[in-house]
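Please treat every number below as a calculation from the coordinates, not as lab data. Quantities reported herein were computed from a predicted structural model and do not represent experimental measurements. Note: ideal-geometry Cβ built from the backbone for every residue, glycine included; neighbour counts use all protein chains shown.
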Amino acid sequence: MTRSAGYGPRVPDVVFPCLDEAGALPWLLPRLPAGYRAIVADNGSTDGSAQIAAEHGATVVHVPQRGFGAAAHAGLVAATADVVCFCDADGSMDPAQLPRVAEPVLAGNADLVLGRRRPTQRGAWPVHARVANTALGVLLRRRTGLALHDLGPMRAGRRQALLDLGITDRRFGYPLEMVTRAADAGWRITEVDVGYAPRAEGTTSKVTGTVLGTVRTIRDMREVLSR
């Protein structure tokens with residue numbers, strides 16, 4: 001998707017970490033707001049996700065190093081806009097809501113905005129994942145002193161400032177390390193509500209959609225919090 005004339009650098013790039021999301025991308029990418037540019041950071045998909053993303057106008061970045069954080073960071077590096085958003089690529093979050101997280105950063109009212117997930121349907125957020133998120137939220141508030149409730153996979157910040165944080169985690173701890181480093185740096189961090197739906201049919205969760213994924217995520221995030 002090319003940047004529309006007249007929008008200039010104020011229009012964000014959007015990083016979609018991607019691993020086998022062919023079932024979601026055809027719905028997801030056309031829902032980007034006008035001028036927003038999709039960067040699909042493909043982490044070794046075998047279902048044709050990269051080709052589908054390219055056919056829908058996205059910039060595709062091939063990321064050989066496995067890990068959610070590796071894909072997210074590669075997308076951030078590849079971005080060229082001043083403000084960069086992140087969004088899950090499994091169809092659980094609606095890109096049409098990206099301005100909710102981007103506008104406070106674009107307006108200079110916040111440095112990092114997290115989309116607090118609000119389930120839109122029964123079953124959108126498995127109980128084990130919600131319990132884990134609540135527990136991590138408590139630890140995060142203790143660690144940062146901020147009134148945060150969710151790690152917010154839909155989020156926005158300024159590209160160079162995010163790079164300057166020096167995030168090192170390349171697994172599931174990447175989103176958490178972004179927040180803790182930003183808090184330590186005195187950033188203005190806030191939350192806004194965004195919808196959260198069941199992931200698209202044919203996609204599988206790599207983070208907290210399964211009990212094993214939840215366990216791995218908690219392990220990685222505990223490592224971040226212990227540093």
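General remarks:
- For segment 151-157, Karplus couplings with θ = phi - 60° (6.51, -1.76, 1.60), whole Hz, Gly/Pro x: 6, x, x, 8, 7, 8, x
- R0 of 35 Å, Cβ-Cβ distance HIS62-ASP164: FRET efficiency to nearest 0.05: 0.90
- In the chain, helices alone account for a calculated mean residue ellipticity at 222 nm of -10500 deg cm²/dmol, with every DSSP H run of four or more residues adding -39,500 (n - 2.57).
- Solvent-free Debye calculation, one equal scatterer per alpha-carbon of segment 1-124: log10 I(q)/I(0) at 0.09, 0.10, 0.12 Å⁻¹ equals -0.23, -0.29, -0.41.
- Stretchable slack from TRP27 to ALA107, in nm (0.36 nm times residue separation minus alpha-carbon distance): 25.9 nm
- Calculated on alpha-carbon atoms, Rg and Dmax of the chain in Å: 16.0, 46
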